[in-house]
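J.: Quick one: structure below, then a few questions.
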Amino acid sequence: MAGCHAWTDVSTRRVSRPVLTGAPHRDAEAGLYANQTASVNGDSGRLAREQAFHDRRFSVGTRDAADKYYVATRASESFYVNRVLAAPAGSRALEYGCGLGSHASDLADRGVRVDAVDLSPVAIEQAREEEAARGRTGVRFQVMDAHALSYDDQTFDLVCGSGILHHLELSRAFAELARVLKPGGRVVFLEPLGHNPAIRLYRRLTPRMRTSDEHPLLVQDLRLAEAYFQHVEARFFHLLSLASVPLRGTRLLEPALSVLERLDDGLLRALPAVRRYAWMTVLEARRSP
Ligand SMILES: C[S@@+](CC[C@H](N)C(=O)[O-])C[C@H]1O[C@@H](n2cnc3c(N)ncnc32)[C@H](O)[C@@H]1O
């Protein structure tokens, strides 16, 4: 896969699992907003800000200007989707921060029992409507705070998500993920990274496209996963391939992107020090059996 590299520093070190604190609330949809203060370590505004932003985003499309950059993300997307869809039929999966339910339905079509949660009632309503319009019923979509899931311990074989971890308080999210994973269960996430100076500048210049609480992941965030999971592995994507964005909508996009992806692959393979400057990472980890 073009542009994909294991970050060996975070791939194998084993750390004992921390004690989990705080009981999850059970009546998520009804009680979500009443429980905001308790669920994010005293930052009562964070969930409200995230929810308001994403409700608006899913209602009116506040990120349309940023969407053009996603023409360059096929390598990370396809790597992530392949890792997610490796879940066997009959297993249980959770899409975490699903938005409109990006891969939940595909998993359900493969015989996986799928739940999907998001903080935004607008997103969940649209995801349910879309599922119904396609005549599908396989996914149970619920409004829920990712920091305080209503599921029992050891429920899921797989938890997956794209663009969600960087909206969360990571230590609480990782603890909750470790709690709901079955022994031997897997998490797979596709997330943006926060080290590249050019991407950081772009983000600073476009604050209206993102929430004030989001924090593209840093290497220390990837390493934090080792405190909760085993076999933590991060793969890195997209450096030069971002230069293909101005070619979107032209016939040059495809050949240029292919060349740039190959260059990314060579660079990321040869120079571990540049991996942190990639745009995206796919983080995969397991709970100990
Ligand atoms: C960048 S969007 C990604 C949506 C979807 N996964 C996708 O790839 O299109 C981030 C999502 O995280 C959700 N979110 C933010 N904070 C959350 C929380 N505390 N609990 C659950 N979902 C949350 C937002 O509502 C939004 O749908």
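J.: Can you put V259, V122, V60 in order, fewest other beta carbons within 10 Å first? Mind showing how you got there, number by number?
T.: Numbers: V259 12, V122 18, V60 9.
Ranking V259, V122, V60 by Cβ neighbours within 10 Å, fewest first, gives V60, V259, V122.
J.: Something else about it: If I take the Cα coordinates of the stretch 111-234 and project them onto the principal axes, what are the three extents in Å, biggest first?
T.: Computed over the Cα atoms, the extents are 44, 35, 23 Å.
J.: Counting alpha carbon pairs within less than 8 Å and at least 6 residues apart, what relative contact order, in whole percent, applies to the stretch 50-122? Can you show the working numbers first?
T.: Details: 73 pairs, mean separation 24.5, N = 73.
Result for the stretch 50-122 is 34 percent.
J.: At a 10 angstrom cut-off on C-beta neighbours, averaged per residue, how do the peptides 91-103, 147-159 rank from highest to lowest?
T.: Going by the mean number of other Cβ atoms within 10 Å, highest first, we get 91-103, 147-159.
J.: State the answer as a single residue: which of G266, S76, L283 lies farthest towards the positive end of the charge dipole of the stretch 38-286, with beta carbon charges of +1 for Lys and Arg and -1 for Asp and Glu, about the Cα centre.
T.: Of the options given, the answer is G266.
J.: To one decimal place, what Kirkwood hydrodynamic radius in Å is obtained for the stretch 38-286 from all pairs of distinct Cα atoms? Kindly include the intermediate steps, with their values, before the conclusion.
T.: On the way: mean 1/r = 0.0532 Å⁻¹.
Hydrodynamic radius (Kirkwood, Cα only) of the stretch 38-286 equals 18.8 Å.
Since every read-out is calculated from the coordinates, none of them should be taken as a lab result. Quick caveat, the model's predicted, so the values are computed rather than measured. With ideal geometry, Cβ positions are generated from the backbone for all residues, glycine too; neighbour counts draw on all protein chains shown.
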